[in-house]
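Report on the following structure.
The values are calculated or read from the model by the stated rules, or taken from the named source; none is laboratory data. Just so it is clear, the model here is predicted, and its values are computed rather than measured. Using ideal geometry, Cβ is built from the backbone for each residue, glycine included, and neighbour counts are taken over all protein chains shown. For the accessible areas, the whole protein counts, side chains as well, though only heavy atoms, and no ligand, DNA or RNA atoms are used. Shrake-Rupley method; radii C 1.70, N 1.55, O 1.52, S 1.80 Å.
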Amino acid sequence: MGNKDADQKRTKTKKAKKKKISFSRVLLLVLFLLVISLVGVGCGYFVGVVSDLPSWDPSQLEGSETTVIYDKYGHPAAKVFAEENRSPVSLRELPPYLPDAFIAVEDERFYEHFGIDLRAIGRAAIANIKGGLGTEGGSTITQQLVKNAFLSPEKTLKRKIQEAILAIELERHYSKEEILEFYLNKIYFGHGAYGVQAAAQLYFGKDAQDLTLAESAMLAGIVRSPNNYNPLSNPELAKKRQELVLDLMAEQGKISPQEAEAAKKEDLKIQEKSSKNFYQYPYFIDYVISETEKILQQQGLSRETAQNMIYRGGLKIHTSLNPRIQKKMEEVFADDSYFPPDQQGKKVQAAMVLIDHHTGEIQALVGGRDYSQLRAFNRATQAKRQPGSAIKPIVVYAPALEKGYTTALVLDDVPVTFGKKTFENYDHRYRGLIPMRVAVQWSINTYAVKLLHLIGVEYAFNFAKKLGITSLDPVRDKNLSLALGGITYGVSPLEMAGAYSAFANKGVYIAPHTVRKIVDRDGITIYEAHPQRRVVMSEQTAYIMTDLLRTVVSKGTGWRAQLNRPVAGKTGTTSEDVDAWFVGYTPEFTAAVWMGFDKEARMYNVYGGTYPAKIWKAVMQEATAGLPVRDFPQPPGIVRATICSKSGLLPNAFCPKKDLITEIFVKGTVPTQTCDAHVEAEICAESGKLANPYCPNKIRAVFLKRPEVSGKVKPEDASEALPTEVCSIHGPETAGEEKVTVRICTDPRHNGVPYLANTPGLLETGGCPPEFVEEREFPASEVPKLHCPLPDHQVKKKVIFSLPETGEEKDQKKEETSETD
């Protein structure tokens with residue numbers, strides 16, 4: 001019994017022990033599993049963090065670089081960038097105290113750690129526990145570089161782990177000096193400036209290599225919080241940060257305490273930031289960017305890649321920008337006195353392009369009176385407006401001259417109808433028979449339309465295309481309205497200036513351009529301009545066209561554009577005065593000015609020869625200031641001759657002095673025939689019509705044989721016209737038995753038949769010999785009607801000058817004499 005109880009007791013004790021041991025083990029097992037799980041989760045998280053690391057792309061360390069655009073003299077004119085204004089600089093170019101300032105305040109043990117600083121991390125952790133999260137950072141310069149180059153700005157454990165891993169990896173690939181240079185060129189300084197070079201230029205207006213110790217300390221103090229510590233936004237905080245940096249530099253032995261104190265007292269000159277974040281010369285720079293895009297695309301790049309190179313690739317784009325002319329053009333466009341008053345709250349807009357026609361390089365360009373946003377609508381290059389009469393030299397006169405027509409071509413300035421359309425002059429004034437120069441001088445529509453009809457629309461259309469006019473519609477614009485600028489889509493000021501440049505450049509067209517050279521970030525020239533020179537017309541055609549256009553400025557519609565040097569140009573005003581133009585050139589430059597509302601509407605008292613010509617003159621005066629006055633060079637083969645302006649032929653004895661003009665011609669094209677428009681005739685003093693034999697009072701005078709004009713319009717030379725009707729007042733029925741005395745020829749060869757004697761008039765010779773002429777009285781109804789028909793009694797024109805007679809002519813004269821005899 002006792003044994004049995006003892007066994008039962010031992011069994012219970014064992015069970016109790018067994019239960020106690022099992023609970024402990026379970027607890028330990030649970031803790032172990034928990035640790036294993038946490039480690040597993042941590043490892044899994046770490047693996048996830050590592051697997052989600054951004055790709056290793058060393059090019060991101062350099063970041064995007066600002067593209068610099070240079071003017072024609074090699075001076076920086078503008079900087080172009082996307083989100084980052086960055087201009088890289090080499091570490092060895094910087095004063096030693098500049099990188100020291102950043103190391104002192106951002107990473108004291110930069111040269112000692114391997115990418116992460118465990119001591120700094122511990123110090124930051126304690127500070128954050130005491131003062132709250134974010135009180136102090138433990139990131140090294142390497143970590144900051146990694147964060148800016150590869151990671152997002154979010155503050156998470158995942159990003160901090162990735163930052164540490166990449167920082168260690170970065171230290172394995174690059175030296176401390178390389179890392180520091182990457183950092184100084186990439187860190188953000190506020191107000192869009194990335195890197196010490198951009199920051200130095202933004203805040204102090206100088207290069208980073210020229211910064212003083214005080215300025216360097218100021219920049220180093222910004223990077224911890226660019227929005228709060230920059231001197232433009234918070235000058236007092238920025239000053240405190242600068243002094244902190246100087247104190248740290250002194251503590252770390254990088255400068256002496258005396259240098260620190262001296263730097264603190266230095267008076268810093270902070271530049272004021274522009275209220276508008278636009279680059280200088282915005283319209284010009286916008287066009288440079290557009291042209292560069294096209295150049296890069298022509299080299300095989302996509303549009304997106306081309307834009308990326310421009311805004312992030314650190315290109316150096318050398319251009320033809322003339323800053324002096326550009327500034328003057330912008331000043332004029334900012335001066336309201338050069339523009340008409342606003343109409344119903346709307347501002348009249350304008351645009352201008354100025355080109356060196358010898359090279360095709362655009363010197364200055366303005367696309368509007370104001371500039372409100374980057375890459376704004378550029379009226380100088382993008383606006384397509386109706387050119388009015390400014391297109392006449394391009395599609396009428398130059399092609400006509402090139403086709404062989406001369407300035408002596410006379411056409412009748414009266415309304416003309418082709419098909420269902422009647423063409424009239426804008427001022428409803430009609431001058432009658434006029435030569436080409438008068439038509440150009442006063443921008444006469446009817447002449448231009450008739451001449452276009454003569455040369456052919458197809459020929460003129462193709463000629464304009466060769467002059468760089470690309471906006472003509474091959475279907476809708478091939479009609480006679482082309483002569484007056486009535487086209488479908490209009491023309492840009494840039495294309496108009498380019499076309500006129502060919503007249504100024506001896507008939508050679510060079511496409512207008514701004515980009516001279518493009519150099520990439522590595523200093524390799526990837527593009528250099530070698531523009532094509534296209535001969536569109538002969539030198540002689542270009543010179544004669546220029547001579548005609550000079551008359552427009554000296555005596556015609558463009559007189560407000562006169563300078564102290566030769567000027568050729570043309571005005572243009574469209575129907576209802578919607579668009580107004582002046583396009584002109586000197587021997588040095590060519591420029592086009594357009595004026596009008598963005599949304600087409602009528603302007604009042606605005607014509608091509610008013611405000612546009614005044615703007616052109618003001619800018620061109622500045623462009624040519626200081627240049628010697630010279631004439632347009634005359635090519636060989638140009639001659640001058642006096643002609644009659646009513647016939648376009650050599651003058652005869654009757655041509656009035658007022659109708660004689662001196663014109664220029666290509667050698668061999670001077671007219672050889674004499675004027676057939678001016679004639680002498682007798683008219684009846686009473687009826688004003690051609691006299692008949694019964695008219696008692698006759699007047700002999702010089703008249704103009706001109707075509708009859710139907711309709712109500714009477715040209716100005718109609719008063720000089722030779723009457724076409726014979727006097728109807730005097731005749732047999734009105735004469736009665738009135739006796740009429742006439743002179744008759746009594747030569748025996750008439751066998752007694754009375755013939756009216758041939759009497760020479762002014763500048764005439766010959767006629768019936770005086771011994772055979774006698775006066776006889778006849779009843780009015782019996783007066784002889786026929787004049788003496790004898791060959792040797794005929795009236796001849798008196799020869800004012802003549803060449804010596806040839807032997808053949810003498811023989812012929814002898815034969816005539818022997819026959820008469």
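On a per residue basis, the convex hull of the C-alpha atoms belonging to segment 364-427 measures out at 195 Å³.
For segment 510-638, the gyration tensor built on C-alpha atoms gives an oblate shape. Its axis ratio a/c (a ≥ b ≥ c) is at least 1.5, and a/b is not larger than b/c. Heavy-atom surface analysis with a 1.4 Å probe gives segment 303-395 a carbon and sulfur content of 45 percent of its accessible area.
Count Lys and Arg as plus one, Asp and Glu as minus one, and take only other residues whose Cβ is under 9 Å from that of residue 664; the net charge is then -1. With both labels modelled 7 Å from their Cα along Cα-to-Cβ, the residue 228 to residue 562 distance reads 7.0 nm. Accessible area of residue 402 (1.4 Å probe, protein heavy atoms only, ligands and nucleic acids ignored): about 70 Å². The accessible surface of segment 675-745, taken with every protein chain in place and a 1.4 Å probe, is 50 percent carbon and sulfur.
Surface analysis of segment 430-527 yields an accessible area of 31 Å² per residue, using protein heavy atoms and a 1.4 Å probe.
Averaged over residues, the count of other Cβ atoms within 10 Å places the peptides 302-308, 103-109 in the sequence 103-109, 302-308, highest first. Each of residue 777 and residue 601 was given a label point 7 Å from its Cα along the Cα-to-Cβ line. The distance between the two points is 8.4 nm. Highest mean packing first, where packing is the average number of other Cβ atoms within 10 Å per residue, the peptides 197-205, 719-727, 747-755, 434-442 line up as 434-442, 197-205, 719-727, 747-755.
Using the Cα gyration tensor of segment 414-464, with a ≥ b ≥ c the square roots of its eigenvalues, what is the shape: rounded (a/c below 1.5), prolate (a/b larger than b/c) or oblate (neither)? Oblate, since a/c reaches 1.5 and b/c is not below a/b. Solvent-accessible surface of segment 162-302, averaged per residue with a 1.4 angstrom probe and all protein chains in place: 45 square angstrom. Looking at segment 452-532, the chymotrypsin sites (Phe, Trp or Tyr not before Pro) that sit in a DSSP loop and have at most 16 other Cβ atoms within 10 Å of their own Cβ are 489.
Please sort by residue number the chymotrypsin sites (Phe, Trp or Tyr not before Pro) in segment 590-658 whose DSSP state is loop and whose Cβ has at most 14 other Cβ atoms within 10 Å.
On the way: sites: 594, 597, 604, 607, 616, 654; in loops: 597, 604, 607, 654.
The qualifying sites are 604.
Among 320-327, 280-287, how do they line up from the highest to the lowest mean number of other beta-carbon atoms within 10 Å?
On the way: 320-327: 20.8, 280-287: 24.8.
By packing density, highest mean first, the sequence is 280-287, 320-327.
With q set to 0.15, 0.18, 0.19, 0.32 Å⁻¹, the log10 of I(q)/I(0) for segment 489-531, from the Debye formula over equal scatterers at the Cα positions, is -0.53, -0.65, -0.68, -1.07. Decide, for segment 262-390, between rounded, prolate and oblate: order the square roots of the alpha carbon gyration tensor eigenvalues as a ≥ b ≥ c, take rounded if a/c falls under 1.5, and otherwise choose prolate if a/b is larger than b/c, else oblate. Because a/c hits 1.5 or more and a/b fails to exceed b/c, segment 262-390 counts as oblate.
Protein-only accessible surface at a 1.4 angstrom probe places the residues 370, 413 in the order 370, 413, largest first.
Please give the FRET efficiency for residue 653 paired with residue 459, using the beta carbon to beta carbon distance and R0 = 45 Å, rounded to the nearest 0.05.
Values: r = 39 Å, r/R0 = 0.86.
Approximately 0.70, to the nearest 0.05.
Using a probe of 1.4 Å, the accessible surface attributed to residue 173 totals some 90 Å² when neighbouring protein chains are kept in position.
Could you work out what % of the accessible surface of segment 429-508 is carbon and sulfur, using a 1.4 angstrom probe and leaving DNA, RNA and ligands out of the count? That fraction is 57 percent.
Take residue 182: with every protein chain present and a 1.4 Å probe, its accessible area is about 40 Å².
Give, as a single signed number, the net charge of other residues whose beta carbon lies under 14 Å from the beta carbon of residue 512, with Lys and Arg counted +1 and Asp and Glu -1.
Details: positive: 294, 516, 533, 534; negative: 291, 356, 361, 495.
Net local charge, residue 512 excluded: 0.
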